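A short worksheet on the structure shown next.
The values are calculated or read from the model by the stated rules, or taken from the named source; none is laboratory data. Bear in mind the structure is a predicted one, so any value in this text is a computation, not a measurement. All Cβ positions, glycine included, derive from the backbone under ideal geometry; neighbour counts span all protein chains shown. Keep in mind that these areas ignore ligands, DNA and RNA; they rest on the heavy atoms of the full protein, side chains included. Shrake-Rupley method; radii C 1.70, N 1.55, O 1.52, S 1.80 Å.
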Amino acid sequence: MSGNQISLPLREALLQWCFPERVEDVQEFEVYFLSQELATFGWPNLGGASNRGQPVPLEHISREEAQTHLDNAWRALLLNFRQLLERRRIYLWGVQSRPTRGQEPVHIAGHWAADFNFDVLANTIEMGDQRFVSVRATDVLPPTSDAPVLVAATQAAPTPNPFTVGIDGRIVLATADVGLLSCEVIAALLEEHARRVVEEHGIKLLGSGVVSLAPLVRRKFEHRVANGETMDRVGHEAQWLSDWAREVAPSYHRISQSTVESAIRVRYAELKPRSNSQI
């Protein structure tokens, strides 16, 4: 890593490149804890907690609820960070400490971001049996000759490519392969379609009703439920999903919080029963 590029540890990278709103969501609930307490939860202090003074009194929510909100805010912040890595807006480096100990930083490819287990407090990343310490984030990837890229050395054989490559070098995606795509990739396909409509002759926007973010949002909601990531109120969950859709498909008409809430309310009630006042 050379030149005048920015090089930051994970905590500072989140503050530097993630959406300010995501950072503010974390800071909003940090105020209820001392920075030393945040460390016991596994989180660093992003600036909302006091190092020496007293935390803000808990008047309207319990300590457990405040911690749950804090954890959810961190999940949303790290999701934003993963998206930046996948889109190659920023790049990660780290010294491998497992399964073998390295000596020099290597580039950790961002397309693996969904599998990263971040420990922002310790400034480390784990992925399967691999672990990286002294992690740094940069906004520029140096030339290939200066940028060793980690390969999965512990993998016995490369994973077969489930897609077919056409004679023009482009990937041919069969309908049966769609289920292999992540929500983020599908959103990226919508973005690519919008780009081609603008930049390439003869391509028209898909007809009304063909492109809708509602099915994507519902699928993301089911995914979050399966992973225990949903908010404790349907309105909060709908707002999170609305913000997520805006981040991953910014060129499309924004799906509002109220629209999302209408789409997920029944399913939310089935999967996460609450009192009538909360739902």
Query raised in the report: For Leu189 and Leu121, what is the calculated FRET efficiency with R₀ set at 35 Å and r taken between the beta-carbons, to the nearest 0.05?
Result: 0.45
Query raised in the report: For the pair Ile61 and Ile203, what calculated FRET efficiency results from E = 1/(1 + (r/R0)^6), where r is the Cβ-Cβ distance and R0 = 45 Å, to the nearest 0.05?
Result: 0.35
Report summary line: FRET efficiency (Asp71, Ser258; Cβ distance; R0 30 Å; to 0.05) is 0.70
Requested in this report: Obtain the nm distance between the two label points defined at Val266 and Ile6 by a simple spin-label model: each point lies 7 Å from its Cα along the Cα-to-C-beta direction.
Outcome: 4.6 nm
Requested in this report: Would you mind pulling out the separation of the Cα centroids of the range 30-56 and the range 214-248, in Å?
Outcome: 27 Å
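Could you please state how large a percent of the accessible area of the range 1-119 is carbon and sulfur, counting protein chains only and using a 1.4 Å probe? Write out the running numbers ahead of the final one.
On the way: 2930 of 6360 Å².
Using a 1.4 Å probe with all protein chains present, the range 1-119 comes out at 46 percent carbon and sulfur.
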